[in-house]
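Okay, so here's the structure we're looking at.
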Amino acid sequence: MHPQPLLEVDDLHVEFSTADGPVEAVAGVSFTVGPEETVAVVGESGSGKSVTALAVLKLLDGGRISGGQVRFDGEDLASLDNRAMRRVRGNDIAMIFQDPMTSLDPLYSIGHQIVEALRLHRPVSKKAARERAVELLEQVGMPDPRRRLASYPHQLSGGQRQRVMIAIALACSPRLLIADEPTTALDVTIEAQILELLHELQREYRTAMLLVTHDMGVVAEIADRVVVFYGGQVVEQGPTAQVLRDPQHPYTAALLAAIPHPDSAKELQLPAIPGAVPALRDMPTGCRFNPRCAMAWDDCTREVPPLYELPGGRTSRCLLHRDGGGSAVVAPPAPPLTAELAPAGPPARAPLTTQKGI
Amino acid sequence: MASPAAHREDTAPAPGPPLMEVTDLVKHFPITRGLLRRTVGHVRAVDGVSFTIGAGETVGLVGESGSGKSTVARLVLRLLDPTSGSVKFDGQEIAALSQRELTPLRRNMQIVFQDPVSSFDPRMTICSVITEPLEAQGISSGQQARDRAAELLDLVGLSSRDLDKYPHQFSGGQAQRIGIARALATNPRLLVCDEAVSALDVSVQAQVLNLLRKLQVELGLSYLFIAHDLNVVRYISDRICVMYLGRVVEQGPADAVMTDPKHPYTRTLAGAIAADPRTGGGTRRVVVRGEMPSPSNPPPGCPFHPRCPQAFDRCSTEVPAPLPAGEGGRTASCHLLDITAVNGKAVGR
Amino acid sequence: MIEYVVRRVLYGLLVIALVTVFVFLTLRLIPGDVVRLQLADAPGVTQEQLDARAAALGLDQPLVAQLLKFLGDAFTGDFGISFQSQQPVTSIIAERLPITLQLGLMALIISIALGVPLGLLAAYKQNSWLDQSLRVVSVAGLSIPNFWLGLLLVTYLAIWFAWSPPLVYRSPTEDLVSNLTQMALPALALGVSGMAAIARMLRSSLLEVMRSNFVRTVRAKGAPERTVLLTHAVRNSLVPVFSLIGVQVGGILGGTVILESIFAIPGMGSMIFQAVQMRDYPVVLGAVVVFGAVFVTVNLVVDLLYGVIDPRIRYA
């Protein structure tokens, strides 16, 4: 752990207003990102991971921070006004998004879009900004960078557009880069290229990174620490290698087991997690994972587990830790192919598809 | 493990004629230009693809976007008309049949899409969604069709209580189960799964993969399985075809192809797969430079040669033919394999 | 690009030719006969006189021959001689077309100059009372027929303010104020539906753009809302609105027929109105060809300008 964290998310709550009243997408989330550290926030859809990332920059569309603090370098961003917030965005904290196909303005050349990012925070001439844009494009591995300045987004492939997004994000040498599923929309070989690029540039620019992803493989590859989200809460966090090798929360263990990997035995079922991710309005009482948990007992439906501090800078939100010490979490074994299948769970109520970012 | 159709790794292809036999399948989309809309070129989406699917077998189709795998899926179902080539289903040529002649065959071949919810009419109940193909095919209607729908829901792990609900009331995984139930309604023998689990959360994806495998065992289904997640394809497939720029560059038993790839492109893909995260990470993948060229302007010779670390002069002039590359009917289209043969290894062409 | 323009022009000519044929045949289906309209009042008209007049007007020829002759001549810019005034149709049109173009242009400017700000305002103040009232105004603007709106304007201005526009046409070089005073009301009546359509479309288009991913990117760069809105959002939201303008022109040209007649403006519209009444076939057909050409040209220009705004559009 770093002595003075760069980003401290402290008991963050985010609410979205819907036609049926407000729903809480993030329910008291806390974690930190140290200088030059890479922290992965991992979870499934509806876990609140993307909403948390957007809340840091206050880019929530239709949502608002309803509680808690987001401290960057000691200053609470949650209480900043729009004007002050704009000086942080793109300057101290930059962000890249999941879908490179739609994240660039189709009507402006990529040169314009990089120069704009630069000139919003730096008093440089257009000419100097263009030179810097060429340099940035070169750094992100864009072939023929000078000529590319005049290209429009539709003339680039998905991988190249994501490179442009990275160039825009790095334009003002931010201290924190938030990457929201940066490779999800890309093919595997391009994903490998982009992850390598992010890793290299992060070292070069001495930038910290908050990586939001659903992909444990990506987490394993580049994160120093991992924060596991479920149902709008942090259920486990700690150094990546330890969490992945020896998960302390039953959800983390089950999620890792459910991923097909090169050695998955074909004569066995995949150890699926039964049921579906709960809808925001229908969060179970007690532990939010209890209806799907293989290890749950009566207490889990009644008692809300706190985040227990574990040795090695780890935390886990599971009642198994109540009596002290590590839990005996084991991943559920893979059943034989002919065994009963895990149930699909009861039909959900209308999922909240109208709000973006949930 | 002696589960019925469990695993046929490295065994010879199933005896008897394959359920589906695709030979030299080609689909070119013309690019037109000018006053008279004359054709100035073609997007070679599929450029001479051959493979077979045995009864009860799963064939995985992998490749990057633009490789033509989804076009192949649409061609074998005749949702698109092929430019040339042959598609035989159960011995019958279907590439040249008219839509009218195809109709009775359609009940044998169904497709499951990536996003089930958008392929359902939001105002139709689950019952009508599932019974629609039954009524369209004139198989059954009314109470009979409803009973069949209830049976199908039960089969895919949902309940007959869900019959009168609407699509938006289900989660993504449940909606995909409904998509599978609809595809199974006509008792098909071949199911094409086009990125059928790609949009699902990991925990739910495993449920649906398990369901697909259970249905295969119980119903003797064949699958043509398309996905970009190579671990998923490898887990579910008996055999894998690797596509690049409209061609199959390598095919063979799933594990063999992924653990011991013979084509440099397959090696690239296999190297780009993330390791099992439970090892704790820290491993980096093999990174290949460059991106796949556009299928409207494919390079001459081997389509992979501009990115291939092992390319030599022959690769830029001559399109490599599929060469035998190991047991289980493996083939790979790479000139390097030919050199091995020339150098005296006992591999006949 | 040049090939594209040539192809569009050829398509345009085809469209005009087809419309001309259609109008040619429709005119002949209208009961009434130009010869009788011209000579019916003359006492003791004989059949010979009627036949001679018909022959003089070229109406004794078979229908197909008349049509082919008209199309052939029209291609060289000759629309024949007016049955009524005996002047060449081409020179009548040359005199009247600028007047109608001025009116149409004014109507178009009104619809854009009012529609764009109203649409932006409605989107910016989404769901406010202002947005709601603009919605009502827009729906009304779209539903009210322009000639009726024209009549209402004249009537109520006369009743309330005892004011009516000048009824004698003056060209802008002759008397600009009188010219504009006369043109203002019909231009407004013609422009209102376009204004409403543009405002509605711009509102929904801008709201959609504001929710798009690239707007989020611009905000993430730290751009002030002014830059987000003016540099990125508005320009993107104008792209679909732009295509509306081509359609508007069709509506405006059609509207001039009645409105010019109401406001005594000696343009193409009032000319068509009279010519149809008098079965003055060459004049009607000539006007149709010219209106068709204007419409086709405007739409071609709009489509070409599209490529200037949106780099994704390619002409092939």
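A short reminder: the numbers here are calculations on the coordinates, not readings from a lab. Please read all numbers here as calculations on a predicted model, not as lab measurements. Backbone-built Cβ (ideal geometry, glycine too); neighbour counts: all protein chains shown.
Antiparallel beta bridges, as assigned by DSSP with both residues in chain A, represent about 65 percent of the total such bridges.
Convex hull volume of the C-alpha atoms in region A:128-255, normalised per residue: 120 Å³. Taking A:82, A:91, A:290 in turn, the Gaussian network model of chain A (Cα-Cα springs below 10 Å) assigns the largest fluctuation to A:82.
Sequentially through region B:254-266, phi angles give Karplus couplings (6.51, -1.76, 1.60; θ = phi - 60°) of 4, 5, 4, 5, 7, 8, 9, x, 9, 9, x, 5, 4 Hz, Gly and Pro residues having no value and appearing as x.
So what is the diffusion coefficient of region A:69-215 in µm² per second by Stokes-Einstein at 10 °C and 1.306 mPa s, using a Kirkwood Rh over Cα pairs? Using the Kirkwood radius from Cα pairs, D works out to 102 µm²/s. Each Cα pair under 8 Å and six or more residues apart adds its sequence gap; the mean of these over the residue count of region C:89-309 is a relative contact order of 29 percent. Between residue C:152 and residue B:93, the simple label model (points 7 Å from Cα in the Cβ direction) yields a spacing of 6.9 nm. With contacts taken as Cα pairs under 8 Å and at least 6 residues apart, chain B reaches a relative contact order of 20 percent. Between residue C:21 and residue B:164, the modelled labels are 5.8 nm apart [label points 7 Å from Cα along Cα→Cβ]. What the phi angles of region C:126-139 give under the Karplus curve with 6.51, -1.76 and 1.60, with θ = phi - 60°, is a coupling list of 3, 6, 7, 4, 5, 4, 4, 5, 5, 4, 4, 4, 5, 4 Hz, glycine and proline written as x.
Annotation: average projected area of region C:1-112 is 10.5 square nanometres, based on the convex hull of Cα atoms across all directions.
Using only the C-alpha atoms, the convex hull of region A:101-173 corresponds to 75 Å³ per residue. The protein assembly as shown: percent of C-alpha pairs farther apart than 38 Å? Tail fraction, whole percent: 60.
Principal axis extents of the Cα atoms in chain B, from largest to smallest and rounded to whole angstrom, are 68, 61, 40. Each Lys and Arg contributes +1 and each Asp and Glu -1, all at the Cβ; summed about the Cα centre of chain B, the dipole is approximately 680 debye.
Straight-line cross-link reach from residue C:69 at under 18 Å between alpha-carbon atoms covers these aspartates and glutamates, not counting any fewer than eight positions away in the same chain: C:60, C:78, C:280.
Dividing the Cα radius of gyration of region C:89-309 by 2.2 N^0.38 Å, with N the residue count, gives 1.17.
Counted by Cβ distance under 9 Å from residue B:114, the other residues give a net charge of -3, where Lys and Arg count +1 and Asp and Glu count -1.
Taking label positions 7 Å along the Cα-Cβ direction at both residue C:160 and residue C:304, the computed distance is 4.4 nm, reported to one decimal.
Each of A:140, A:158, A:118 was placed along the dipole of region A:101-173 (beta-carbon charges, centred on the mean Cα), and the one lying farthest toward the positive end is A:118. Under 18 Å of direct C-alpha separation, and excluding same-chain neighbours fewer than eight residues apart, residue A:126 reaches these aspartates and glutamates: A:116, A:135. Overall size of region C:112-243 from C-alpha positions, given as principal axis extents largest first: 59, 33, 25 Å. Database remark: amide H of residue B:19 closer than 5 angstrom to the amide H of B:53, B:54, B:55 (H placed geometrically; neighbours at sequence offset of 5 or more, or on other chains; Pro and chain starts carry no H). Counted over chain A with a bin width of 20 Å, the fraction of Cα pairs per bin, in whole percents, is 28, 56, 16, 0.
Stretching residue C:208 away from residue C:168 to a fully extended chain increases their span by 9.6 nm, per 0.36 nm per residue minus the current alpha-carbon distance. The alpha carbon radius of gyration of region B:162-271, expressed as a multiple of 2.2 N^0.38 Å, is 1.19. A straight Cα-to-Cα reach below 19 Å connects residue B:165 with the aspartates and glutamates A:282, B:115, B:121, B:132, B:147, B:151, B:154, residues fewer than 8 places away in its own chain not being considered. Gyration tensor analysis over the Cα atoms of region B:170-215 returns equivalent ellipsoid semi-axes of 18, 11, 9 Å (largest first, whole Å). Using the structure shown, list the pairs from B:88/B:214; B:27/B:262; B:69/B:262; A:127/C:221; A:58/C:221; B:27/B:214 with a Cα-Cα distance above 22 Å, or answer none. Over 22 Å Cα-Cα: B:88/B:214; B:27/B:262; B:27/B:214. As a test, work out the antiparallel percent of DSSP beta bridges whose residues both lie in the protein assembly as shown, rounded to the nearest 5. Restricted to the protein assembly as shown, the bridges split so that about 65 percent are antiparallel. Remark: relative contact order (chain A) = 20 percent; criterion is Cα-Cα distance under 8 angstrom and separation of 6 or more residues.
For residue A:40, nonlocal amide neighbours, meaning residues 5 or more places apart or on other chains whose placed amide H falls under 5 Å from its own, are A:211, A:224, A:225, A:226, A:227. If both residues of a DSSP beta bridge must be in chain B, then about 65% of such bridges are antiparallel.
Principal semi-axes of the equivalent ellipsoid, √(5λ) from the alpha carbon gyration tensor of region B:86-174, are 28, 16, 12 Å from largest down.
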